[in-house]
Structures are given as structure tokens and as C-alpha cells.
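So the structure is just underneath, and the comments pick up after that.
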Amino acid sequence: MRPDTMPFSRLRHAWQQRRYSTGQCAGIAFVFLWFFIGGIAHFVATETEASIVPPYIPWAVQAVIISGVFELLGAFGILLPATRRYAGIGLFLLTLAVTPAHIYMLQEPQRFPVPLWALWLRLPIQAALLWLIVWCTWLPRRKA
């Protein structure tokens with residue numbers, strides 16, 4: 001068997017030719033886990049997730065299910081170089097789309113069993129997550 005046809009040789013070659021820095025690869029792993037776990041939560045704790053949907057958004061449960069599907073699609077999409085940029089765009093927009101839920105929780109903190117400081121902390125974490133999505137999916141490392 002030729003060395004280039006051995007199992008995983010193409011994967012190893014792709015890794016060696018990667019355009020992403022080690023930090024960006026770690027960012028991709030973090031973003032994957034964030035949205036994979038979050039996407040699963042949409043199906044495991046659907047009613048809890050639906051409770052944070054602002055009342056002016058109709059069909060809260062359906063919105064939770066749909067956003068959970070998109071979180072999972074985006075999580076898997078960033079793992080593939082061919083779809084990484086598009087998945088990054090989708091996850092960026094999805095992260096912006098859930099902002100009303102975060103704001104609603106801040107406006108009605110007594111309705112949620114979460115400390116107020118944690119609700120406030122979500123906003124800068126969300127901003128950092130947006131930056132991380134952009135950095136690890138849209139901006140490949142420049143070669144020197």
C-alpha cells in the first residue's frame with residue numbers, strides 16, 4: 001500500500017497544510033463545543049429554553065427547536081473547512097438573534113433562577129463569543 005493511500009494520510013496532509021493557527025483551531029473547538037452543547041440543550045430542556053424567549057416572539061417552543069437545529073448545524077459546519085466560513089456567518093447571526101432573550105432575562109430577572117450578576121455577565125461573554133466566531137472562522141492566519 002502506498003503511503004499516500006494509507007488511512008488518515010489525507011487527513012494528516014490536510015492538517016499539515018492548514019491555514020489556521022493553533023489558537024484558531026482551539027477557538028474552533030471551543031465554538032463547536034459551545035454550540036453543540038447549547039444545541040443539545042434546546043432538545044433536552046426545551047421548556048426551560050422556551051421560558052427565556054420574550055413574550056413578543058410567537059411560538060417560543062418552535063423557535064427553540066429551530067434555533068437548536070441551527071446551533072447543531074453550525075457546530076458541525078465549522079468543523080469542515082469547506083463550510084467553516086458559512087457556518088461562522090450563520091453562528092454569528094444566530095448569536096445576534098438570541099440577544100433579545102438575554103435582554104428579556106435582564107428586564108425580568110425575578111422570573112429566572114439565575115443570579116443577576118450572571119445575567120449581566122452573559123452580555124460581555126456573548127460579545128467575546130462573537131469575536132471568537134469571527135476570528136476562528138473568517139480570518140485565516142496570514143503566511144509570513
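Would you check if there is a residue in the range 76-93 being out of contact with any Leu (no Cβ under 6 Å at 6 or more places or on another chain), small (Gly, Ala, Ser) and exposed (fewer than 13 other Cβ atoms within 10 Å of the Cβ)? Within the range 76-93 (the criterion being out of contact with any Leu (no Cβ under 6 Å at 6 or more places or on another chain), small (Gly, Ala, Ser) and exposed (fewer than 13 other Cβ atoms within 10 Å of the Cβ)), the answer is yes, since at least one residue qualifies. Scanning for something surrounded by fewer than 13 Cβ atoms within 10 Å (Cβ to Cβ), part of a helix (DSSP H, G or I), at pLDDT 95 or above and under 15 Å from the mean Cα position of the chain (by Cα), does the range 128-143 turn up at least one residue? Within the range 128-143 (the criterion being surrounded by fewer than 13 Cβ atoms within 10 Å (Cβ to Cβ), part of a helix (DSSP H, G or I), at pLDDT 95 or above and under 15 Å from the mean Cα position of the chain (by Cα)), the answer is yes, since at least one residue qualifies.
Scan the range 21-34 and tell me whether some residue there is touching a His at 6+ places or on another chain (Cβ under 7 Å), modelled with pLDDT of 95 or more and either loosely packed, with under 15 Cβ neighbours inside 10 Å or among the polar types (S, T, N, Q) (or both).
Our first condition is that a residue be touching a His at 6+ places or on another chain (Cβ under 7 Å); within the range 21-34, this holds for none.
No; the residues of the range 21-34 include none that is touching a His at 6+ places or on another chain (Cβ under 7 Å), modelled with pLDDT of 95 or more and either loosely packed, with under 15 Cβ neighbours inside 10 Å or among the polar types (S, T, N, Q) (or both).
Taken as a whole, the range 95-111 holds at least one residue that is outside any helix (DSSP H, G or I), over 15 Å from residue 34 (Cβ atoms), out of contact with any Asp or Glu (no Cβ under 8 Å at 6 or more places or on another chain) and free of Cβ contacts under 8 Å to residues at least 12 places away in the same chain. In this structure, residue 39 does not satisfy being touching a Lys or Arg at 6+ places or on another chain (Cβ under 8 Å) and at pLDDT 95 or above.
Residues in the range 81-97 that are farther than 17 Å from residue 128 by Cα and aliphatic (A, V, I, L, M): 82, 87.
Within the range 80-96, the set of residues being at pLDDT below 95 and of a type in the set (A, V, I, L, M, F, W, C) comprises 80, 82.
The values are calculated or read from the model by the stated rules, or taken from the named source; none is laboratory data. Remember, it's a predicted structure, so these values are computed and weren't measured experimentally. Note that we place each Cβ from the backbone using ideal geometry, even for glycine, and neighbour counts take in every protein chain shown.
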